[in-house]
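Okay, so here's the structure we're looking at.
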Amino acid sequence: MTSFYLSKPYEPPRAPSKLPLGEPWALFGGISPDQFMARYWHKKPLLIRRAIPAFALSANKGGSLDSPIPTKELLKFALQDEVEARLVKANPWSFDSGPFSKRAIPSINKPDWTLLLQGMEAHHPAAANILSWFRFIPDTRLDDLMISIAGIGGGVGPHFDSYDVFLIQMSGRRQWKISEQKDLSLNPNLPLKILRNFKPEREWTLEPGDMLYLPPHVAHDGIALDAGCQTWSVGFRSPSFKELLQEGLWRLAESLENIPALESKFADPKQGATHSAEQLPEELIKQLDSKLKELKLDKIDGFLPGITAYLSEPKQQALFDAPDTPLKPNAFLRKLGASRLLPHPQTRILSLGKQVYCNGESMTQGQAPAILSAWQTLSAHKELRVGRLKQPDQSSLYEAYLAGWLVFEH
Ligand code: SIN
Ligand code: CO
């Protein structure tokens, strides 16, 4: 007897805000996030069968679960200006960036192509919910959730990333081949970063609900085995020390603007007559050294605010719109008592101790205690619900609402 079931989209739940870090998780094949971090994170690959058990459970009951975003709906994102999209074709390799016209996207039944959609957590709540499962990894490290959709044979070719990545199979099957080879040289004649000598060491076919974790620099190649194959990649970036120090240092330099005492000029009443007039004076070096110490510019603490501000910058293509009819400060406060205030999906919020940084700016410096605490809640829980909030008219919370960085839940 054959039965006919329509496939249903999987609806990923939002993770609880306090994650059980010491408990076994199906997502990691029965080990806890504590164990995953100690044994695998940034160290070695891990394949997890049935990481999302709902897919296998539904199949066992004769049902069929599909990706949270069906093919037709997903392809529409590639037409939008605000979605970063790339189209990769194999045989021969070619590469194009979006936004695309409808005609530019091959039919799902054609082979050897894949479409990559970046930053999908900002565009679909299911993608944002999936990210919430990974909040046992510092927000600073998170890059985004990318979704790939492919025709049979589609993929981006053998390559390596500088990212930690969780590759979640959401629709159709994908064959993954990986290698921890040392030779990561690229083929110079291709429009894509493809390895010159890929020598697969392990391979698996991933079914919907399976997940593969790869640390940086593990060579990999994922080939779609079914039309409409969807892989959701949760990617974690890692800044270089050069980037961190350069960004921290120039912000530190900017912050010196706010210290009027630094306008005072170097004075050298103790300078003696010298035969080495060409040399930088000892007196200048001495006074500069004591200024650096006095301002604590020789200590790490001075760099961290600038570095945190930098790391809280949103993606380049993030767009924030001011609310159509912005509430006046009092109405804003009343609404805050009745609805949840959420970061816009492209807003980044990070904390340094009690200080909070949002989209590249400090939000807590010089703010009233109630505003400070509201930002700390937003940073920790990525939502704010308050009974009563007293605030001065121009708080940074209200400003962030006016800028479209914070939005009320509908
Ligand atoms: C993909 O989903 O096809 C590509 C993901 C990756 O290999 O980084
Ligand atoms: Co990759």
Residues in segment 165-178: is at least one of a type outside the set (Asp, Glu) and in contact with a Lys or Arg (Cβ under 6 Å, 6 or more places away or on another chain)?
-> yes
Of all residues in segment 152-161, count the ones that are within 10 Å of ligand 2 (Cβ to nearest atom) and either in contact with a Gly (Cβ under 7 Å, 6 or more places away or on another chain) or in a loop (DSSP other than H, G, I, E, B) (or both).
-> 6
Kindly indicate whether any position in segment 19-31 is modelled with pLDDT of 95 or more, over 25 Å from the mean Cα position of the chain (by Cα), loosely packed, with under 15 Cβ neighbours inside 10 Å and among the small types (Gly, Ala, Ser).
-> yes
Single condition LEU350 does not satisfy, out of (1) in a helix (DSSP H, G or I); (2) in contact with an Asp or Glu (Cβ under 9 Å, 6 or more places away or on another chain) | (1)
Report, by residue number, each residue of segment 295-304 that is in a helix (DSSP H, G or I) and surrounded by 13 or more Cβ atoms within 10 Å (Cβ to Cβ).
-> GLY302, LEU304
Pull up segment 103-114, narrow it to residues that are of a type in the set (Val, Ile, Thr) and either under 15 Å from LYS76 (Cβ atoms) or exposed (fewer than 14 other Cβ atoms within 10 Å of the Cβ) (or both), then point me to the one that is nearest to the chain's Cα centre (by Cα).
-> ILE105
Considering only residues that are at pLDDT below 95 and among the aliphatic types (A, V, I, L, M), look in segment 305-326 and name the one that is surrounded by the most Cβ atoms within 10 Å (Cβ to Cβ).
-> ALA318
What residue, among those in segment 324-366 that are touching a residue at least 60 places away in the same chain (Cβ under 8 Å) and charged (D, E, K, R), is farthest from PRO305 (Cα to Cα)?
-> LYS335
When you look at SER179, is it away from ligand 1 (no atom under 12 Å from the Cβ), buried (at least 18 other Cβ atoms within 10 Å of the Cβ) and more than 25 Å from GLY228 (Cα to Cα), yes or no?
-> yes
Can you tell me which residue among LEU350, LEU342, LEU319, LEU336 is under 28 Å from LEU245 (Cα atoms), of a type outside the set (Ser, Thr, Tyr) and touching a Leu at 6+ places or on another chain (Cβ under 8 Å)?
-> LEU350
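Here is a yes/no grid of residues against (1) of a type in the set (D, E, K, R); (2) away from ligand 1 (no atom under 15 Å from the Cβ); (3) in contact (Cβ under 8 Å) with a residue 12 or more places away in the chain; (4) touching a strand residue (DSSP E or B) at 6+ places or on another chain (Cβ under 9 Å):
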site: LEU117; (1), (2), (3), (4): no, no, yes, yes
site: MET120; (1), (2), (3), (4): no, no, yes, yes
site: PHE134; (1), (2), (3), (4): no, yes, yes, yes
site: GLY155; (1), (2), (3), (4): no, no, yes, yes
site: PRO158; (1), (2), (3), (4): no, no, yes, yes
site: ASP164; (1), (2), (3), (4): yes, no, yes, yes
site: LEU167; (1), (2), (3), (4): no, no, yes, yes
Within segment 95-102, is even one residue exposed (fewer than 15 other Cβ atoms within 10 Å of the Cβ), assigned by TED's automatic domain parsing to the domain that holds GLU11, within 25 Å of the chain's Cα centre (by Cα) and among the polar types (S, T, N, Q)?
-> yes
Positions within segment 250-294 being of a type in the set (Val, Ile, Thr) and not in a loop (DSSP other than H, G, I, E, B), in sequence order = ILE285
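The values are calculated or read from the model by the stated rules, or taken from the named source; none is laboratory data. Small disclaimer: the values here were computed from a predicted structure and weren't measured. With ideal geometry, Cβ positions are generated from the backbone for all residues, glycine too; neighbour counts draw on all protein chains shown.
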